[in-house]
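The values are calculated or read from the model by the stated rules, or taken from the named source; none is laboratory data. A quick note: this is a predicted structure, and the numbers were derived from the prediction, not measured. We place every Cβ from the backbone using ideal geometry, glycine too, and count neighbours over all the protein chains shown.
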Amino acid sequence: MSFGPLTIGRHTAQIPIIQGGMGVGISLSGLASAVSREGAIGVISAVEIGMNESDYRKNKRDANIRALRKEIRQARDLSDNGVIGVNIMVAINNYEEMVQAAVDESVDLIIAGAGLPLTLPQYVIDSSTSVVPIVSSAKAFQLIARKWERNYNYCPDAVIVEGPLAGGHLGFSFEQLENPEANRLEDIVVDVIKEAQVFEDKFGQRIPVIAAGGIWDGHDIARFLELGCAGVQMGTRFVATFECDASENFKMVYLEAGVDDVLIIKSPVGMPGRAVRSPFITRVKDDPVKVKCQYNCLRPCDPKKAPYCIADALINAKKGNFDQGFAFCGANVHRVDRLQSVHSLLQELIEETRSSTREHPGNNRRLSIGN
């Protein structure tokens, strides 16, 4: 096992950790650039990124594209030549335009989930941008990789495998989430690694498999690297950093959350999601909010049937207003006990991974972080 550089396409990060893209407005250029400067991969969330633009309410489409360009440029200016990615949900209404804008800005990575990014390669061929789908099963990866091979002769530059303990919208049914032992991330990544090998052999290039969902510390990282993963993606831990773009109230919700505060909710887009209990979540269960939608930002959402506007709820939460919003979170949010710097967090994770290696020398693990 090598805990060393993570190379995705043309881009190499010295620390094999991807900071998950978290919306709305939780991971913008501030957090992404801080992570990138430390040698890991920082990721901007593109969903409703234009919320602070003056014309956001009147012209969401242009506001979001404009803000995405600004955030990529700001992250690049602050990142000290580190690796910067953008998470763009396939489910957003102007997905193709946002992808094209990110490629035009020469972002290093586009990470695409919340749907199958079957046409993504057409936007990055002959560019420096690498593309990374998010999947929750080997079957989903196989479908994407086959489509990319057949239609574009393109191989995924990497794949993120997200398990049932992740935060936000989840690629599992409610029934699957009730039986987590039958859908363990450890089992799913092994299946994806086997499937990725098929396409690695066809294309003669490596497809790094990155584990995500419920990964908390360096011991977890070491376990997934030992299974054959090239790295991990983590979200919840990065919310509890000084550099995170969320409000202080948002971070305090993470600090104060207990085990019983974590809920699986049904999102207006029809998918299950993991969130922290809030006054808003409690209230809308029995008293839905009438949605006045001027722009159907998520394709699966039907404003006429939605119990509330998820975009508004997440924007309110980002600003710290939990009477009108809620925070998505990972399953381990109750373990957050302090705020720390991105530097401190990453150093802690590196040392824990090294410690895990020393405790299990028989695993023949090799750590090669350059520092």
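Collect the residues in the range 148-166 that are more than 18 Å from THR7 (Cβ to Cβ) and of a type in the set (Phe, Trp, Tyr), keeping them in residue-number order. Passing the criteria: TRP148, TYR152. In the range 70-85, of all residues being charged (D, E, K, R) and touching a helix residue (DSSP H, G or I) at 6+ places or on another chain (Cβ under 7 Å), the one that is surrounded by the fewest Cβ atoms within 10 Å (Cβ to Cβ) corresponds to ASP80.
Within the range 323-336, count every residue that is more than 21 Å from ILE18 (Cα to Cα) and modelled with pLDDT of 95 or more. The qualifying residues number 1.
Selection of first residues in the range 12-38 that are over 15 Å from PHE250 (Cα atoms) and of second residues that are of a type in the set (Lys, Arg), restricted to Cβ pairs under 6 Å at least 6 apart or on distinct chains, gives an empty result.
Conditions tested, residue by residue: (1) over 22 Å from PRO16 (Cα atoms); (2) in the same structural domain as ARG10 (by TED's automatic domain parsing); (3) in contact (Cβ under 8 Å) with a residue 24 or more places away in the chain.
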{"site": "ASP187", "(1), (2), (3)": "no, yes, no"}
{"site": "PRO208", "(1), (2), (3)": "no, yes, yes"}
{"site": "ALA211", "(1), (2), (3)": "no, yes, yes"}
{"site": "MET234", "(1), (2), (3)": "no, yes, yes"}
{"site": "ALA257", "(1), (2), (3)": "yes, no, yes"}
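Please find, within the range 213-222, the residue that is nearest to the chain's Cα centre (by Cα) out of those that are outside any loop (DSSP other than H, G, I, E, B) and touching a residue at least 40 places away in the same chain (Cβ under 8 Å).
Residues of the range 213-222 outside any loop (DSSP other than H, G, I, E, B): 218-222.
If we keep only those that are touching a residue at least 40 places away in the same chain (Cβ under 8 Å) as well, we get 218-219, 221-222.
Details: GLY218: 19, HIS219: 21, ILE221: 16, ALA222: 20 Å.
Looking at residues that are outside any loop (DSSP other than H, G, I, E, B) and touching a residue at least 40 places away in the same chain (Cβ under 8 Å), I get ILE221.
Residues in the range 309-320 that are in contact (Cβ under 8 Å) with a residue 60 or more places away in the chain and not charged (D, E, K, R): ALA311, LEU314, ILE315, ALA317, GLY320. Taken together, the residues in the range 262-275 that are surrounded by fewer than 16 Cβ atoms within 10 Å (Cβ to Cβ) and not in a strand (DSSP E or B) amount to 1.
Take SER278 and decide whether it is more than 29 Å from ARG354 (Cβ to Cβ), crowded, with 18+ Cβ neighbours inside 10 Å, touching a His at 6+ places or on another chain (Cβ under 7 Å) and not assigned by TED's automatic domain parsing to the domain that holds ASN87. In short, no. Checking the condition of a type in the set (Gly, Ala, Ser), out of contact with any Gly (no Cβ under 7 Å at 6 or more places or on another chain) and closer than 18 Å to LEU225 by Cα, which residue from ALA158, ALA145 passes? Of ALA158, ALA145, the one residue that is of a type in the set (Gly, Ala, Ser), out of contact with any Gly (no Cβ under 7 Å at 6 or more places or on another chain) and closer than 18 Å to LEU225 by Cα is ALA158. The single condition among (1) modelled with pLDDT of 95 or more; (2) under 23 Å from PRO164 (Cα atoms) that LEU339 does not satisfy is (2). Those residues that are within 18 Å of ILE160 (Cβ to Cβ) and either part of a loop (DSSP other than H, G, I, E, B) or aliphatic (A, V, I, L, M) (or both), I need them from the range 115-132; list them, please. Residues satisfying the conditions are GLY115, LEU116, PRO117, LEU118, LEU120, VAL124, THR129, VAL131, VAL132.
Checked against the criterion of being touching a His at 6+ places or on another chain (Cβ under 8 Å), surrounded by fewer than 22 Cβ atoms within 10 Å (Cβ to Cβ) and part of a helix (DSSP H, G or I), the range 225-232 has no qualifying residue.
Is there a residue being of a type in the set (A, V, I, L, M), farther than 20 Å from ALA34 by Cβ, touching a strand residue (DSSP E or B) at 6+ places or on another chain (Cβ under 8 Å) and in a helix (DSSP H, G or I) anywhere in the range 315-327? Taking every residue of the range 315-327 in turn, none turns out to be of a type in the set (A, V, I, L, M), farther than 20 Å from ALA34 by Cβ, touching a strand residue (DSSP E or B) at 6+ places or on another chain (Cβ under 8 Å) and in a helix (DSSP H, G or I).
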